[in-house]
1. Under a straight-distance cross-link criterion of Cα-Cα below 15 Å, which aspartates and glutamates are reachable from LYS193, leaving out those fewer than 8 residues away in the same chain?
2. Please provide three numbers in whole Å: the alpha-carbon extents of the stretch 114-359 along the principal axes, with the largest listed first.
3. Could you report the chain's accessible area per residue, 1.4 Å probe, as an integer in Å²?
4. If a/c stays under 1.5 just call it rounded; otherwise compare a/b with b/c (prolate if a/b is bigger, oblate if not). Do that for the stretch 312-409, with a ≥ b ≥ c from the square roots of the Cα gyration tensor eigenvalues.
5. Could you tell me the relative contact order of the stretch 114-359? Use alpha-carbon pairs under 8 Å, at least six residues apart, and round to a whole percent.
6. Can you give me the C-alpha center-to-center distance between the stretch 411-451 and the stretch 385-399, rounded to a whole angstrom?
7. In the chain, how does Rg compare with the Kirkwood Rh, expressed as the Rg/Rh ratio over alpha carbon atoms?
8. With a ≥ b ≥ c taken as the square roots of the eigenvalues of the C-alpha gyration tensor of the stretch 364-462, please select rounded if a/c is under 1.5 and otherwise prolate if a/b is larger than b/c or oblate if it is not?
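The values are calculated or read from the model by the stated rules, or taken from the named source; none is laboratory data. Please read these numbers as outputs of a predicted model, since none were measured by experiment. Please note: Cβ atoms are built from the backbone with ideal geometry, for glycine as well, and neighbour counts cover all protein chains shown. We work out accessible area using only protein heavy atoms, side chains counted, and drop any ligands, DNA or RNA first. Shrake-Rupley method; radii C 1.70, N 1.55, O 1.52, S 1.80 Å.
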Amino acid sequence: MSDTTSNQMWGGRFAAGPDAIMEAINASIGFDQRMAAQDIAGSRAHAAMLGATGIVSPSDVEAIRKGLLTVLSEIETGQFQFSTALEDIHMNVESRLTEVIGAPAGRLHTARSRNDQVATDFRLWVRDQLDATDAGLVALMKALLTQAEVGAGWVMPGFTHLQTAQPVTWGHHMMAYVEMFARDLSRVRDARKRMNESPLGAAALAGTSFPIDRHMTAEALGFDRPMANSLDAVSDRDFALEFLSTASICAMHLSRFAEELVIWSSAQFRFVTLSDRFSTGSSIMPQKKNPDAAELIRAKIGRIFGANVALMMVMKGLPLAYSKDMQEDKEQVFDAADNLMLALAAMEGMVKDMSANRESLERAAASGFSTATDLADWLVRILDLPFRQAHHITGALVALAEKKGCDLPDLTLADMQGVHEGITDAVFEVLGVHNSVASRLSYGGTAPTRVREQVARWQELLG
């Protein structure tokens, strides 16, 4: 096969032949430059340790320290020129360090491999992202608490199967999401604690013969301890998978809430009004106000789920220790992290800005025979009927109300006594939606007093 033919097969982009293809598939600088700050932090800690242990002279360590700060400044100010030929962030930084300080730069990589270097950088980056997710979740929970406190006594329909079930309060519904996001927060904090061990010093896979101090570098980088096995340190990415798993569960909760906001803001429901900041108009229908932010949150979640599956597939067949496959770990995590933070911020903004339409909520709560369970419970409590019999009587009363085209509270006492003669006018006390929610005093129930207790508890916990 001629060179011309083979180049056509590779495509016009790779006119230089196999070397260009290898450079393109091998390089990661296009995405791992995001870890520049973490890479330089790890190198600074490593250099300081090399000096403290006498492996590298104090003068060379000081030159490395100053040079790394210069390189970091260049990156932060946009002056740094990244090179695909240098493959990754590690070699890009080291090459520029050599240009800045000369020969001492060559000592920085003593007792270190790119394997433990990238594992350290990536752990530091994921740890930073877990901290950012923590802050985003706390902000969202506080926004939900504000909504719950204001609407602790506002009634609305509670749904099962998206059918009216029983009355609940707006505050209770908001607090359900506080609890969900609180579990997400606990998973974030658990994941951070579990992953906070340093791979630095594991070298390529077997450790090093140099008298390094791994505890010193671990402490300098804010890790709790060095990882105890050098093979494990360079070869696993379960910390990234745990982040993606945690992000996926959190994203699922965000998507569920986004779906409710889409439904609630529709003309058919009118439960909430979203602010103009998180809505858009139609290019052709002037009356439209579309909940685009909620819809985009709902859609972006697929990218986070996909990243989780993709990294699982990368890792599932890899023998110990390092394989180049693991270069595919970062883009998935970066994309998932970006979209999770965007979704959290957008949801916080929507929750802070949205207005619940109290009248629409109450009107909907009073329809659809939402107090049928209250009626059945009253028959059990007051008339001492078995619940199954009470359920049957209530069903007959619902059928009667449907036939008459009214709701349960609109039936007359005579109508009710026609179904069961023992019913008295006291039954109407439980058929109002406000009475219904006020009676749900069990722990975790929807009664306004219980909602306010939970709001106060979480306000104290979150500070």
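1. Partners found: ASP128, ASP131, ASP134, ASP184, GLU219, ASP224, ASP238, GLU242.
2. 74, 38, 31
3. Heavy-atom SASA per residue in the chain reads 47 Å².
4. Judged from the Cα gyration tensor, the stretch 312-409 comes out prolate (a/c at least 1.5, a/b above b/c).
5. 23 percent
6. 14 Å
7. Taking Rh as the inverse mean 1/r over Cα pairs, Rg/Rh reads 1.15.
8. prolate
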